[in-house]
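Structure record follows, encoded as structure tokens.
The values are calculated or read from the model by the stated rules, or taken from the named source; none is laboratory data. Not measured: the values here are computed from a predicted model. Here Cβ is always computed from backbone atoms with ideal geometry, including for glycine, and neighbour counts include all displayed protein chains.
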Amino acid sequence: MRIQLLPSTFDANGCATQEQRLTCFLIDDCVAVDAGSIAIALTNEQRSKVRDIIVTHPHMDHIASLPIFIDDLYPTLNEPMRIHATPEVIRLLERDVFNWNVYPRFSELTNDYGPVMEYVPIPLGEPFPVAHLTVTAVPVNHIVPTVGLIVSDGEKSVAFSSDTAETEEFWSLLNQAQHVHALLIEASFPNRMAQLAEVSRHFTPASLGEELRKLNHNGLDIMAVHIKPAYREEVIEQLNALQIPNLKVMEPGKTYDW
Ligand SMILES: [Zn+2]
Ligand SMILES: [Zn+2]
């Protein structure tokens, strides 16, 4: 499985910067997990292939450029953009984003080929298909309804925590899963901001270190993501100090093969 954490920002030469401001993972060049930077960072070829987007929760850093992405493709979509999300998240997207005020309600619009956007409600705890992948979603502990995911291509699986603090169901799902090669997990704030991390339901390196004791798999790659750019160096230093084998920081723009 090929996974890229899409960049959020670029330097003056057009090179991806390492700060992650938005969240969007691209799987096998055709399925997106969240859509923060989807309209910003895809190649034209990827843009022509991505028709399935899983939205873990409706926070802005995870959906920021989703409306722009659909807008860009509007005249050319010969199949709808499928938004896979829980019914609660679909309701929030319709109410707060695609509401004719913030942006058009694409779910009610058609182009020459038919509908341009379609919601696909996802179940909790049951596997469901997304393109060539099988995905299982479970609730995690964030301040809005949010799901963590395990994504399998039939041979290998990768787990996505999305935004969360201490949680249980995600770990039992992950510990039961087979052939898990990587865990992409959030580490938002430095340890000195534990209180803010707690109220906003995110991890610090210290709370992540504690949480990883719940993981039964050995040897999988643990990739830290969602590090707040303002504290990036500090968080990375504190992650390194945990001395957890296989714990690395995921680099925006780089393609990982698992
Ligand atoms: Zn969030
Ligand atoms: Zn977030």
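Read through the list (1) modelled with pLDDT of 95 or more; (2) closer than 30 Å to Glu233 by Cα; (3) away from ligand 2 (no atom under 16 Å from the Cβ), then give the number of the only condition that Pro104 fails.
(2)
Between residues in region 132-151 that are within 17 Å of Ser200 (Cα to Cα) and in contact (Cβ under 8 Å) with a residue 60 or more places away in the chain and residues that are within 14 Å of ligand 2 (Cβ to nearest atom) and among the acidic types (Asp, Glu), which pairs lie under 7 Å by C-beta distance while being six or more apart or on different chains?
His142/Asp163; Thr146/Asp163
Could you tell me which numbered condition Glu155 fails, if it satisfies all but one of (1) exposed (fewer than 15 other Cβ atoms within 10 Å of the Cβ); (2) within 15 Å of ligand 1 (Cβ to nearest atom); (3) acidic (Asp, Glu)?
(2)
Can you name every residue in region 176-204 that is of a type in the set (Ser, Thr, Tyr) and either farther than 19 Å from Ile236 by Cα or over 20 Å from the mean Cα position of the chain (by Cα) (or both)? Please lay out each step first, then the result.
Within region 176-204, the first condition is being of a type in the set (Ser, Thr, Tyr), and the residues that meet it are 188, 200, 204.
Selection gives Ser200 alone.
Looking only at region 43-63, which residues are among the acidic types (Asp, Glu) and either in a strand (DSSP E or B) or within 16 Å of ligand 2 (Cβ to nearest atom) (or both)?
Start the filter on region 43-63 by keeping residues that are among the acidic types (Asp, Glu), which leaves 45, 52, 61.
Asp52, Asp61 - these are the residues of region 43-63 that are among the acidic types (Asp, Glu) and either in a strand (DSSP E or B) or within 16 Å of ligand 2 (Cβ to nearest atom) (or both).
Could you list, in sequence order, all residues of region 202-221 that are touching a residue at least 12 places away in the same chain (Cβ under 8 Å) and in a loop (DSSP other than H, G, I, E, B)?
Those that are touching a residue at least 12 places away in the same chain (Cβ under 8 Å) and in a loop (DSSP other than H, G, I, E, B): His202, Phe203, Thr204, Leu215, Asn216, His217, Gly219, Leu220.
Could you list, in sequence order, the residues of region 232-258 that are buried (at least 17 other Cβ atoms within 10 Å of the Cβ) and part of a helix (DSSP H, G or I)?
Once the filter is applied, which keeps residues that are buried (at least 17 other Cβ atoms within 10 Å of the Cβ) and part of a helix (DSSP H, G or I), region 232-258 yields Glu234, Val235, Ile236, Gln238, Leu239.
Please state which one of Leu109, Leu183 is of a type outside the set (Phe, Trp, Tyr) and either within 16 Å of ligand 2 (Cβ to nearest atom) or under 30 Å from Thr76 (Cα atoms) (or both).
On the way: Leu183 fails: either within 16 Å of ligand 2 (Cβ to nearest atom) or under 30 Å from Thr76 (Cα atoms) (or both).
Only one candidate passes the filter, namely Leu109.
Which of the residues that make up region 19-42 are assigned to a loop (DSSP other than H, G, I, E, B) and either at pLDDT below 95 or among the hydrophobic types (A, V, I, L, M, F, W, C) (or both)?
Of the residues in region 19-42, the ones assigned to a loop (DSSP other than H, G, I, E, B) are 19-24, 28-30, 34-37, 42.
Leu22, Cys24, Cys30, Ala35, Leu42 - these are the residues of region 19-42 that are assigned to a loop (DSSP other than H, G, I, E, B) and either at pLDDT below 95 or among the hydrophobic types (A, V, I, L, M, F, W, C) (or both).
If I filter region 72-94 for residues that are small (Gly, Ala, Ser), within 16 Å of ligand 1 (Cβ to nearest atom) and either within 12 Å of the chain's Cα centre (by Cα) or at pLDDT 95 or above (or both), do I get at least one hit? Spell out the reasoning first.
Filtering region 72-94 down to residues small (Gly, Ala, Ser) leaves 85.
Add one more test, that the residue is within 16 Å of ligand 1 (Cβ to nearest atom), and what stays is 85.
Still in the running and either within 12 Å of the chain's Cα centre (by Cα) or at pLDDT 95 or above (or both): 85.
Within region 72-94, one or more residues are small (Gly, Ala, Ser), within 16 Å of ligand 1 (Cβ to nearest atom) and either within 12 Å of the chain's Cα centre (by Cα) or at pLDDT 95 or above (or both).
Can you give me the number of residues within region 160-187 that are of a type outside the set (Ser, Thr, Tyr) and outside any strand (DSSP E or B)?
15
This table checks each residue for (1) small (Gly, Ala, Ser); (2) closer than 17 Å to Leu149 by Cα; (3) modelled with pLDDT under 95; (4) surrounded by fewer than 24 Cβ atoms within 10 Å (Cβ to Cβ).
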{"site": "His181", "(1), (2), (3), (4)": "no, yes, no, yes"}
{"site": "Ala187", "(1), (2), (3), (4)": "yes, yes, no, no"}
{"site": "Ala194", "(1), (2), (3), (4)": "yes, no, no, yes"}
{"site": "Arg201", "(1), (2), (3), (4)": "no, no, no, yes"}
{"site": "Leu208", "(1), (2), (3), (4)": "no, no, no, no"}
{"site": "Lys214", "(1), (2), (3), (4)": "no, yes, no, yes"}
{"site": "Gly219", "(1), (2), (3), (4)": "yes, no, yes, yes"}
{"site": "Ala230", "(1), (2), (3), (4)": "yes, no, no, yes"}
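Just wondering, is there one or more residues in region 222-231 that are touching a residue at least 60 places away in the same chain (Cβ under 8 Å), within 16 Å of ligand 1 (Cβ to nearest atom) and in a helix (DSSP H, G or I)?
The answer is yes; a qualifying residue exists.
How about region 9-33: which of its residues are out of contact with any Gly (no Cβ under 7 Å at 6 or more places or on another chain) and among the hydroxyl-bearing types (Ser, Thr, Tyr)? Explain how you work it out, then say what you get.
Applying the first criterion (out of contact with any Gly (no Cβ under 7 Å at 6 or more places or on another chain)) to region 9-33 yields 9-15, 17-21, 25-33.
Thr9, Thr17 - these are the residues of region 9-33 that are out of contact with any Gly (no Cβ under 7 Å at 6 or more places or on another chain) and among the hydroxyl-bearing types (Ser, Thr, Tyr).
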